[in-house]
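Bear in mind these aren't lab numbers, they're just calculated from the coordinates by the rules spelled out. Predicted model, so just to flag it, every value in this text is computed and none were measured. Here the Cβ is made from the backbone with ideal geometry for all residues, glycine too, and neighbour counts use every protein chain on show.
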Amino acid sequence: MSKSVSDIISAMNLNVLTDVYRPDEMIEKGYAGDMLSHVMAHLQTGECWFTILNSMNVIAVASLNECPLVILTEDVVLQEPVMEKAKMEEICVCNTSLDTYSACAVLQGILDTGEV
Amino acid sequence: MLRSAIRSRTSREGGCAIEPLVRQYEIRANDFTHAGEASSSMKKSLSRLGVKAEVIKRAAIAMYEAEINAVIHGHGGMAEVTVFPEKVVIVIEDHGPGIPDLDQAMVAGWSTAPDIAREMGFGAGMGLPNIKKNCDELKIDTKVGEGTKVTMEVRFT
């Protein structure tokens, strides 16, 4: 089952750090990873990305992979220049206090049950 | 900061003049802030030309990895992207230390990235394997003490 970006933001109670640029884009699963080359190689269309990285390179990798939603875990935030870059590239970045494992589990629960 | 320049080359194939789009970018050593901008620019150019998204993604991944290698290992360098009607050719050349053992460097998981690069999420040892996986043609010319030239070709069909 898949859910829209806006539905996932709402259901996971994510804190939106940028804007939501593609609210209706559908998410089928998540991908968790902090090694950028692995993310480059494996992040697929229709996936949101969970990471604790918050550098400019996160935005570059998300943009190159057309990722509609980046979820920073453990309350990681973006510095202002990175925030500006995310807005320029129209990458929606959110954060959550959950750790990556827990955030992935919450997403999977939402996708499995279809409940928002 | 990346500098880019655009120029055209005229060549003749089968009697018809064609002008491939050529872009050049400067890649600065250890500039992680701007790393990836050349790849992003190339991606947007291919998108404007109507190249298939799947092909653009492959080219962007390959170029990004090579660009990052030049940032981390190559003391910076230059990137040149040439868009032909049927393919894109990307050349990234640096004047860094070169690769002493290319076969070893192509092994997934092998990395000599410094700590500062690892802290930023690089150094997984997937760069060259990712490049190889996403190119239709790959040529690496490297000489210890002189530098490395990576030539990547991605065909549109």
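Using alpha carbons only, how many degrees (0 to 90, rounded to 10) separate the axis of helix A:80-89 from the longest principal axis of chain A?
The answer is roughly 70 degrees.
Quick one: in region A:3-66, what % of C-alpha pairs are over 16 Å apart?
Details: 927 of 2016 pairs.
Every Cα pair in region A:3-66 considered, those over 16 Å come to 46 percent.
Any chance you could get the radius of gyration and Dmax over the Cα atoms of the protein assembly as shown, in Å?
Taking only Cα atoms of the protein assembly as shown, I get Rg and Dmax of 19.3, 63 Å.
Return the average number of partner chain Cβ atoms within 10 angstrom of each residue Cβ along peptide A:54-62. All intermediate terms of the calculation are to be shown ahead of the outcome.
Values: counts 1, 7, 7, 10, 2, 2, 12, 6, 0.
Neighbouring Cβ atoms belonging to other protein chains average 5 per residue here.
Collect residues whose amide H, placed 1.01 Å from N in the peptide plane, falls under 5 Å from the amide H of residue A:32; neighbours closer than 5 in sequence don't count.
A:50
At R0 = 22 Å, how high is the FRET efficiency between residue A:75 and residue B:118 if r is their beta carbon distance? Nearest 0.05 is fine. Mind showing how you got there, number by number?
Working: r = 23 Å, r/R0 = 1.03.
Calculated transfer efficiency: 0.45.
I want to make sure I understand the PRE zone here: with the label point 7 angstrom from the Cα of residue A:83 toward its beta carbon, which residues in region A:3-19 have backbone N atoms less than 18 Å away?
Label zone hits: A:14-19.
Which one of B:78, B:40, A:48 is farthest out on the positive end of the charge dipole of the protein assembly as shown, using unit charges on Cβ (Lys, Arg +1; Asp, Glu -1) and the Cα centre as origin?
Highest projection toward the positive end goes to B:78.
Give me the net charge of residue A:11's neighbourhood, meaning all other residues with Cβ under 11 Å from the Cβ of residue A:11; Lys, Arg count +1, Asp, Glu -1.
Numbers: positive: A:3; negative: A:7, A:115.
Spelling it out: positives minus negatives among the neighbours equals -1.
I'd like the Karplus ³J(HN,Hα) series for region A:91-100: coefficients 6.51, -1.76, 1.60, θ = phi - 60°, whole numbers in Hz, and an x wherever there's a Gly or Pro.
Using θ = phi - 60°, the values come out as 9, 7, 10, 10, 9, 8, 6, 5, 7, 4 Hz.
In nanometres, what is the gap between the two model label sites at residue A:1 and residue A:22, each 7 Å from Cα along Cα-to-Cβ?
2.3
Starting from the alpha-carbon convex hull of region B:58-108, give the projected area averaged over all orientations, in nm². The partial results should precede the final answer.
Working: hull surface 16.5 nm².
Projected area, direction-averaged: 4.1 nm².
Restricting things to alpha carbons, tell me how big region A:3-113 is in terms of Rg and Dmax, in Å.
Gyration radius and largest Cα-Cα distance of region A:3-113: 12.2, 38 Å.
Residue B:87's amide H: which non-local residues (gap 5+, or another chain) put their own amide H closer than 5 Å, with H modeled 1.01 Å from N in plane and none for Pro or chain starts?
B:156
Could you list the residues of region A:89-107 with an amide nitrogen less than 20 Å from a label point located 7 Å from the Cα of residue B:53 in the Cα-to-C-beta direction?
Under 20 Å, as judged by backbone N against the label point of residue B:53, lie A:89-93 of region A:89-107.
Could you list A:17, A:64, B:21 in order of exposure, starting from the residue whose Cβ has the fewest other Cβ atoms within 10 Å? Write down the numbers at each step before the final one.
Numbers: A:17 19, A:64 24, B:21 16.
Going from sparsest to densest Cβ surroundings: B:21, A:17, A:64.
Per residue of region A:11-23, in order, report the coupling 6.51 cos²θ - 1.76 cosθ + 1.60 (Karplus, θ = phi - 60°) as ³J(HN,Hα) in whole Hz, putting x for Gly and Pro.
So the J values, rounded to whole Hz, are 5, 8, 6, 7, 8, 7, 8, 10, 10, 9, 8, 10, x.
Pairs of Cα atoms under 8 Å, at least six residues apart: use those to get the relative contact order of chain A, whole percent. Intermediate results must be reported in sequence, preceding the final value.
Values: 224 pairs, mean separation 38.6, N = 116.
The value is 33 percent.
Using the alpha carbon gyration tensor of chain B, what are the three equivalent-ellipsoid semi-axes (square root of 5 times each eigenvalue), largest first, in whole Å?
Numbers: eigenvalues 142, 49, 47 Å².
Three semi-axes, in Å: 27, 16, 15.
In what sequence do A:67, B:135 fall when counting other Cβ within 10 Å, fewest first? Provide the component values of the computation, followed by the final result.
Details: A:67 25, B:135 22.
Placing the least packed residue first, the sequence is B:135, A:67.
Around residue A:4, which amide H atoms from residues at least 5 apart in sequence, or from another chain, sit under 5 Å from its own amide H, with H modelled in the peptide plane?
A:27
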